[in-house]
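The values are calculated or read from the model by the stated rules, or taken from the named source; none is laboratory data. Worth saying up front: this structure is predicted, and the values here are computed from it rather than measured. Note: ideal-geometry Cβ built from the backbone for every residue, glycine included; neighbour counts use all protein chains shown. Calculation scope for accessible area: heavy atoms of the full protein, side chains included, ligands and nucleic acids excluded. Shrake-Rupley method; radii C 1.70, N 1.55, O 1.52, S 1.80 Å.
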Amino acid sequence: MSTSAAAETGFLRIEEIEGRGRGLVASQPLKAGQIVLRDSPILLYSAFPLINPSSSRPSTSNTYCAKCFRTLSSSSPSVVSCPSCSHFHVFCSQNCLSAALTSSHAPWVCQALSRLRDCSSLLLEQPMELQLQALFLVAAYHLSLVSLSQFQILLSLEGTPGARDSAAAHFLHSLISSLFPSPPVEGFSVELTAALLAKDKLNAFGLMEPFSSIDGGQRSVRAYGIYPNASFFNHDCLPNACRFDYVDTSPKHQNNTDIIIRMIHDVPQGREICLSYFPVNDNYASRQRRLMEDYGFTCHCDRCKVEVNWSDDDNDDLAEEEDEEEIDEVMDEDHHDQIMESSLGKGDADFPHAYFFVRYMCDRENCWGTLAPLPPKDEATPSDVMECNVCGNLKNDQVTDANGGEDQLSMDD
């Protein structure tokens, strides 16, 4: 099955969208909380460098399982190490180790990673990003050996190498070539390596570390994955869907590295379904800079068309906290419908996203996640419980308690 065919579900279809390339649109009316896509990665690789730059020694991140990337407990008796590379790669259980030895950590991969660590002096002379790109290329070329069809899917994704990427591609291709006794795939070349790196840059999703309010809520990436169907979602600074992952779910649940796309609010048939590629609280200048540096485009969504005329100070103030007077106006019943229309790209252009920030941004300290309703029990009974896609907190939607605040639910409720 082609990637395009797989991405087209009963809820979504692929369309060519003017000025935006391929995108996913609703093939039927969609409800808030509805799951429109569940996608599995065709490859995963660690976000931790091979060599620790501070010590010039091999990096030994034993925080996460090298197969499923669940958080490891130091007291867990089930944690096991790779028999070949010892403490460099650890696994949450014997089952994960056994599965990895026949897939993502097969003998060739283990040997390739060990050889890359032996090149520590060479790698440390290069930007840190190249270490992660080397990890990706090991995973990608191993994919070509175990599943040529999935490798072809990877090559079919968006992404074209740029002229400034040439030096990195040549360096990495030479490095990766030394790991193979013979070419891993037909057409193995610098050009193919450059094409793969471009696919990774535009399509990799980061699986984040668990949220903590310490250190300002900053989270690092634990692993990167290529999700071929989810890669069709375009960006919007006021998304109508958001992504959830449950990497640290109980080991009894398989496919913990799947990502789930859930609707934030109702949308009609024919509307493009978009994600935000980063937290929605970023100001205009920050958003545009990140999109150009990481994805190579300038955003012209409805929100950006408004904010381009604001000063940086206005953007910073909005990102931190909405002005109380404006929020009161938003929540006033007379303005509710007008602002809701604006948040969906219609209506008053002066402040089109106030309603979105009030209702769909998590108010937990330093979180800045996006809220979406839990999946509806049935078409006639939408859920009134909202879940944050960053910290996981649950809260009742627009339910006010006796003290004037919103009821909060924990994940244990």
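Side notes on the structure shown:
- Peptide packing: for 257-269, 11-23, the average count of neighbouring Cβ atoms within 10 Å per residue gives the ranking 257-269, 11-23, highest mean first.
- Derived value for segment 43-205: Kirkwood hydrodynamic radius 16.4 Å. Basis is the mean of 1/r over every pair of different alpha-carbon atoms.
- Stretching ARG13 away from ALA163 to a fully extended chain increases their span by 50.7 nm, per 0.36 nm per residue minus the current alpha-carbon distance.
- Per residue accessible area in Å² of segment 171-307, where ligands, DNA and RNA are left out and the probe is 1.4 Å: 41
- Carbon/sulfur fraction of accessible area - segment 43-205, other protein chains in place, 1.4 Å, %: 54
- Positive minus negative residues near PRO210 (Lys, Arg vs Asp, Glu; Cβ under 12 Å): 0
- 13 Å beta-carbon shell around PHE136, net charge (K/R +1, D/E -1): 0
- Environment charge of HIS353, counting only residues whose C-beta is closer than 9 Å and scoring Lys/Arg +1, Asp/Glu -1: -1
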